[in-house]
Amino acid sequence: MENNQVEPGSNARNGGHSGGYQTPLKLSARFQAMESVNQIIRHNHFINQEVNRVLTEEAVAEADRNLYTNLVYGSVQNYYTLDAFVRDFVAKPNKVKSWVWSLLIVSAYQMYYLDNIPNYAVVDEAVRIVRKRGNQTLAKFANGVLRNFTRRYETMADFIQTKEDPREKLTLEASLPPVWVDYFVDRFGFDEAEKLANSLNQTPFITVRANNKFNNLNTEKMTEYQEILEAEGFTVAPSPLSPYALRVTKGNPAHSSLFINGEITIQDESALLAVEALNPKPGETVLDACAAPGGKTVQIAEAVGRTGHVIACDIAENKLPLIQENVDRMQVADHVEILHQDATALLDRFGENGSEPTSFDKILVDAPCSGVGLFR
């Protein structure tokens with residue numbers, strides 16, 4: 001890694017502080033985003049772990065932290081489109097250093113998906129990064145490529161419209177791997193596939209589920225919760241998928257009094273529907289095999305009640321405190337047992353010949369995610 005020398009005027013160009021303070025180039029949002037995108041795309045790092053690492057371990061300028069997060073998530077979410085776009089300007093893309101390619105991707109995202117950063121500032125900052133991270137020859141290359149972006153295409157839609165194949169257009173519009181688009185189209189037809197593909201890029205809302213440990217939820221109670229949240233400044237609507245859930249489209253419900261008091265928890269609708277399908281009953285013993293961070297564990301524990309028992313396992317020992325935090329806050333810890341356990345070795349522990357043979361009424365396996373994103 002390069003040193004932390006402060007580049008003259010770097011702050012004015014990187015979207016950071018105003019005034020006399022200047023952000024060292026290495027600590028700027030764009031430099032760190034370039035490094036992170038390279039780690040995620042080239043070295044298969046998980047995006048959430050990489051972002052958390054940078055925000056925790058790297059001294060990213062305080063004013064740049066939100067921009068950094070936006071650049072990484074936005075660049076990765078739109079990577080298939082951005083990658084095809086950059087390839088339109090580079091004769092031999094496989095010859096370009098991976099970190100330079102990542103910087104071109106991040107820069108294209110800023111220029112075409114964000115509207116509060118002038119293009120000249122994006123180009124100028126990127127060229128300075130390449131000059132510092134690499135050399136003058138690479139800087140000239142990056143400068144030429146970046147300046148040609150807007151000379152050829154005013155918007156990303158202009159680039160996409162140059163493609164004649166409808167499936168290729170859909171791949172670029174939704175930024176999905178071609179194999180997924182082919183699967184969607186072959187299974188559902190083009191019109192439905194188009195709706196499905198584009199829905200994956202919609203900003204998701206937050207869903208909260210009401211605590212039902214006393215089995216006392218009804219329409220009136222849910223209306224009361226909605227009114228409390230709205231009085232605290234949140235924008236809320238009933239979930240069309242579950243009578244015990246609310247969709248929050250404005251505000252972070254983790255700051256609400258209901259969340260702090262354990263009357264609601266943040267849980268995606270797809271997750272709460274999985275537990276509803278499992279249909280745990282009072283008094284049952286249930287195994288949650290891949291439990292972290294514990295949303296479904298809590299929901300199961302509410303359903304089985306104090307006469308029931310839930311064993312929550314997860315392979316990631318560092319995530320077990322998240323389960324504990326959830327069951328404590330939602331007041332179901334007295335009948336939940338949390339274990340560090342690899343789900344692929346459950347028989348060795350709970351099977352007939354295992355170290356702790358146990359009979360379960362039901363078992364929930366929410367297998368670890370693939371890292372490709374949630375198909376809502």
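What is the spin-label model distance, in nm, from ASN70 to THR358 if the labels are put 7 Å beyond Cα along the C-beta direction?
Output for this residue pair reads 4.6 nm.
Could you check the spin-label model distance between HIS335 and VAL365? Points 7 Å from the Cα along Cα→Cβ, value in nm.
If labels sit at HIS335 and VAL365, their model points lie 2.6 nm apart.
Compute the separation of the alpha-carbon centres of segment 89-129 and segment 271-348 and state it in Å as a whole number.
Each part reduced to its Cα centre gives a spacing of 45 Å.
List the lysines whose Cα sits under 17 Å from the Cα of LYS140, skipping any in the same chain fewer than 8 residues away.
Correct list for LYS140: LYS92, LYS95, LYS97, LYS132.
Mind putting a number on the dipole of the chain about its Cα centre? Charges go on the C-beta only, +1 for Lys and Arg and -1 for Asp and Glu, and I need it in Debye to the nearest 20.
That gives a dipole near 1780 debye.
Anyone know which of ASN261, ASN326, ASN201 comes out most mobile in the 10 Å Cα GNM of the chain?
Checking each option, the largest mean-square fluctuation is seen for ASN261.
How do MET111, MET330 rank when sorted from fewest to most other Cβ atoms within 10 Å of their own Cβ?
With the sparsest Cβ surroundings first, the list reads MET111, MET330.
Going by average Cβ neighbours within 10 Å, how do the peptides 90-102, 119-131 rank, with the highest at the top? Spell out each step's value before the answer.
Numbers: 90-102: 14.5, 119-131: 21.0.
Averaged packing, sorted descending, gives the order 119-131, 90-102.
Summing +1 for each Lys or Arg and -1 for each Asp or Glu, what net charge is found among the other residues whose Cβ lies under 12 Å from the Cβ of ASN215? Could the numbers behind the result be given before it?
Working: positive: LYS213, LYS221, LYS281, ARG306; negative: GLU302.
So the environment of ASN215 carries a net charge of +3.
When TYR153, TYR112, TYR183 are ordered from fewest to most other Cβ atoms inside 10 Å of their Cβ, what list results?
On the way: TYR153 19, TYR112 22, TYR183 13.
Least to most surrounded, the residues fall as TYR183, TYR153, TYR112.
For the pair ASN52/TYR120, report the inter-label distance in nm, with labels modelled 7 Å from Cα in the Cβ direction.
4.2
How much length would be gained if the chain were fully extended between ALA271 and ARG187, taking 0.36 nm per residue of separation minus their Cα-Cα distance, in nm to one decimal?
27.8 nm
Quick one: CYS290, CYS313, fewest Cβ neighbours within 10 Å first, how do they rank?
Values: CYS290 19, CYS313 24.
By the 10 Å Cβ count, ascending, the order reads CYS290, CYS313.
Pulled fully out, how much extra length does the chain show between ASN44 and THR137, if you take 0.36 nm times their separation in residues and subtract their Cα-Cα distance? Spell out each step's value before the answer.
Working: separation 93, 0.36 × 93 = 33.48 nm, distance 2.87 nm.
That works out to 30.6 nm of additional length.
Can you tell me the orientation of helix 119-133 relative to the chain, as the angle in degrees between its alpha-carbon axis and the longest Cα principal axis, to the nearest 10?
Around 90 degrees separate the two axes.
Want the number for ASP88 to THR344: 0.36 nm per residue separation, take away the alpha-carbon distance, what's left?
The ASP88-THR344 span can extend by a further 87.7 nm.
Hey, what angle do you get for helix 295-304 against the long axis of the chain, alpha-carbon based, 0 to 90 degrees rounded to 10?
Helix 295-304 sits at roughly 10 degrees to that axis.
Among GLY351, GLY294, GLY251, whose mean-square fluctuation peaks in a Gaussian network model of the chain (Cα, cutoff 10 Å)?
Result for the chain, Cα springs under 10 Å: GLY351 fluctuates most.
Could you work out how far helix 65-77 tilts from the main Cα principal axis of the chain, as a 0 to 90 degree angle to the nearest 10?
Here the helix axis deviates by roughly 90 degrees.
Looking at segment 189-298, which GluC sites (Glu not before Pro) are in a loop (DSSP not H, G, I, E or B) and have at most 15 other Cβ atoms within 10 Å?
Details: sites: GLU192, GLU194, GLU220, GLU224, GLU227, GLU230, GLU232, GLU263, GLU269, GLU276, GLU284; in loops: GLU232, GLU263, GLU284.
Taking segment 189-298 and a limit of 15 other Cβ atoms within 10 Å, the loop GluC sites (Glu not before Pro) found are GLU232.
Here, each number is a calculation from the coordinates, and none is a lab measurement. The structure presented is a predicted model; accordingly, all values stated were derived computationally and were not measured. Note that each Cβ is placed from the backbone with ideal geometry, even for glycine, and that neighbours are counted across all protein chains shown.
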